[in-house]
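Only the coordinates and a few stated rules stand behind these numbers; no lab work does. Everything quoted here is computed from the prediction, not taken from an experiment. Quick reminder, even Gly has a Cβ in these numbers, built from the backbone with ideal geometry, and neighbours come from all protein chains shown.
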Ligand code: NIG
Ligand code: FE
């Protein structure tokens, strides 16, 4: 099938994985087309040239100005949960502190309580609904964490629900075990004992059931220490798990562990200092910034500009969760952050596509070129600059997942 003509195609090809990008480096194909076969891209280029080269293709004719981009990859979400935390949010905007909110029964534990009593079907339905909303906003691949279960049955229930959800949404869902979100309040042992229990009792079962091959840990004064996290990540790696880390959100220290243990990504980074920025820039660990958490908590953004200037691979993800990032609009968050941090359009689109792919070890998406999955989104405009200019209010009007048009879900 030949799809086009598009006024502009941003294939996101030929740009480096790391470091600053200028819009002059952003390849733009004018009056372009895409040939799709078996869910994959066969060719991308000038529409008329493709028509001649592939005369027998079925045509999907685009009859209005549109700008085509790769589908976005959201490499950090917590969209499997039940309940909501609007009470936390009301307290936060009224000026209450983290501790005051926790003492009133808020925080991560509140979502754990609500998620533990939800059944697997409800959790899967909740996840599908959020994944489909994301997909209709151009996000074709979505990482989804557990971490609101925090006991054996509830963590397994969450990861089974995420698997079930993946069968009922066209979006790709990538599951991650976040049993190390916090030490559960009803666990009487130490943090090390809890993590040892996850390693010995939970991870082998997740592996045996093929529920996930990824782990995450929240390194923070209120969660797990860098030392305990290091042992945990090493033990998980020995079982074949890839890792990502909630790092430097309120205090620095997590990204150093992420880099030292070879984690795929270090996420948050609002509190990263020059030392952490250097470590990340010199590593292959993707620096994932989460503007949705900064907006939800009313705190500073991660130093994305500095990270790029020093040479890091920067991805932007939504962190969509019931507590700190309830909005879940990835494009809006990236656009708003780009104005504050001074990120070029090339840097923002890279952060949402081919620079997010390695955080999930995905080599088959994030760029529009031959051999890649035909995961694509088109915006109703003739100028790609409109997309960030409208700060998330210009939504894609057409989405393709594996080459299939996604209709309203
Ligand atoms: O990424 N930082 C820790 N975890 C989540 C928040 C989860 C919650 O508050 O429920 C985050 O922001
Ligand atoms: Fe998170």
Hey, what number do you get for the chain at 222 nm if only DSSP H runs of n ≥ 4 count, each worth -39500 (n - 2.57), divided across all residues, to the nearest 500? -9500 deg cm²/dmol
With label points set 7 Å from each Cα along the Cα-to-Cβ direction at residue 40 and residue 201, the distance between them in nm comes to 4.4 nm
Counting only DSSP beta bridges with both residues in the chain, tell me the antiparallel percent, nearest 5. 40 percent
Going by how many other Cβ atoms sit within 10 Å of their own, how do 103, 367 line up, fewest first? 103, 367
What are the radius of gyration and Dmax of segment 41-92, computed over its Cα atoms and given in Å? 21.8, 62
Run through all the Cα pairs of segment 164-294 and give the fraction in each 5 Å bin from 0, expressed as whole percent. 2, 11, 20, 22, 19, 14, 9, 3, 0
Shape metrics for segment 1-75, restricted to C-alpha atoms - Rg then Dmax, Å: 13.5, 42
Going by alpha carbons, how many degrees (0 to 90, nearest 10) lie between the helix axis of 120-136 and the longest principal axis of the chain? 40 degrees
Find the Cα radius of gyration of the chain, compare it with 2.2 N^0.38 Å by division, and give the number to two decimals. 0.97
Calculate how steeply helix 108-117 sits against the longest principal axis of the alpha-carbon atoms of the chain, using the helix alpha-carbon long axis, and give the answer as 0 to 90 degrees to the nearest 10. 90 degrees
Please build a GNM for the chain, connecting alpha carbons under 10 Å apart, and tell me which residue among 73, 219, 62 fluctuates the most. 62
Over all alpha-carbon pairs of segment 45-200, lay out the pair-distance distribution in 5 Å bins, whole %, shortest bin first. 2, 8, 14, 14, 14, 13, 10, 6, 4, 4, 4, 3, 2, 0, 0
Longest principal axis of the chain (C-alpha) makes with the long axis of helix 152-166 (C-alpha) an angle, in degrees to the nearest 10, of 10 degrees
